[in-house]
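Data first, discussion second: the structure below is written as structure tokens.
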Amino acid sequence: MESLLIPLLILALVGTGVLLGARALARRGGRSRPEAAPQPGRDPIELARASAAKLSQEQHRRLYALIAQGQAMGAIKLYLESTGEGLRASRDAVGALAAHPQPFRPETPEQAPSEDDDNAPQRFAYRYRAIASKGDVTREVSSNMLNDEIYGRIRTLARSGDTEAAAEALTRHSDISIKQAREFIALLED
């Protein structure tokens, strides 16, 4: 019986070592697979489009300036800070953007916030001209953030006596000062 005890202990130790080694290999293999597997299957052009869509116009410009200067680490850092994505995702995104340059695409009208109130001006593809005159005095406001609906709201505010709100709305939807907006609104009052 004692002669069998030593081989059984050796067999148990070898079995435990093999089991621990297999478990360590499984953990190491499991860690690298999730990080590496999804990216090779993803289309790099689609990754570049999706990555560019997450950037504002200024971030987009700065990122491509860094790429053009050969500052890959700076571009990755900028993308990471701008989007909040992880380091590996930022590296892959910058690599895709460098390999497949994307033009800046502003939000499409479907994605833009709705124009329910005057707080969020929207830019239009055309320039709108609003003209107000009283006597010999004529004022004009030209902006691509105005349209008939918004100008109608501003006129309604002015005619109802809320000239300050009308002037603020006009300032938000054009590139004029509050003083110029007040002068324009004064011509609208009847």
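Can you tell me which of (1) open to solvent by less than 70 Å² (accessible area, probe 1.4 Å); (2) of a type outside the set (Val, Ile, Thr); (3) without any contact (Cβ under 8 Å) to a residue 40 or more places away in the chain is the one Leu55 doesn't meet?
(3)
For the range 19-61, give me each residue that is closer than 28 Å to Ala99 by Cα, in a helix (DSSP H, G or I) and modelled with pLDDT under 80.
Narrowing the range 19-61 to residues closer than 28 Å to Ala99 by Cα: 31-61.
Adding the requirement that they be in a helix (DSSP H, G or I) leaves 31-36, 38-41, 44-53, 57-61.
Correct list: Arg31, Ser32, Arg33, Pro34, Glu35, Ala36, Pro38, Gln39, Pro40, Gly41.
Which one is least open to solvent (accessible area, probe 1.4 Å), of the residues in the range 124-177 that are among the basic types (Lys, Arg), part of a helix (DSSP H, G or I) and in contact with an Asp or Glu (Cβ under 8 Å, 6 or more places away or on another chain)?
At the first step, the residues of the range 124-177 found to be among the basic types (Lys, Arg) are 127, 129, 134, 139, 153, 155, 159, 172.
After this cut, where a residue has to be part of a helix (DSSP H, G or I) as well, the list is 153, 155, 159, 172.
From the residues that got through so far, the ones that are in contact with an Asp or Glu (Cβ under 8 Å, 6 or more places away or on another chain) too are 153, 159, 172.
Details: Arg153: 61, Arg159: 136, Arg172: 85 Å².
My answer is Arg153.
Identify all residues within the range 62-110 that are outside any helix (DSSP H, G or I) and buried (at least 17 other Cβ atoms within 10 Å of the Cβ); write none if there are none.
Initial filter on the range 62-110 (outside any helix (DSSP H, G or I)): 69-71, 84-86, 100-110.
Of everything in the range 62-110, just one residue is outside any helix (DSSP H, G or I) and buried (at least 17 other Cβ atoms within 10 Å of the Cβ), namely Gln102.
The values are calculated or read from the model by the stated rules, or taken from the named source; none is laboratory data. Because the structure is a prediction, the values reported are computed rather than measured. Counting neighbours? That spans all protein chains shown, and the Cβs are built from the backbone with ideal geometry, glycine included. Each accessible area value is taken on the protein alone, full model and side chains, heavy atoms only, with ligands, DNA and RNA left out. Shrake-Rupley method; radii C 1.70, N 1.55, O 1.52, S 1.80 Å.
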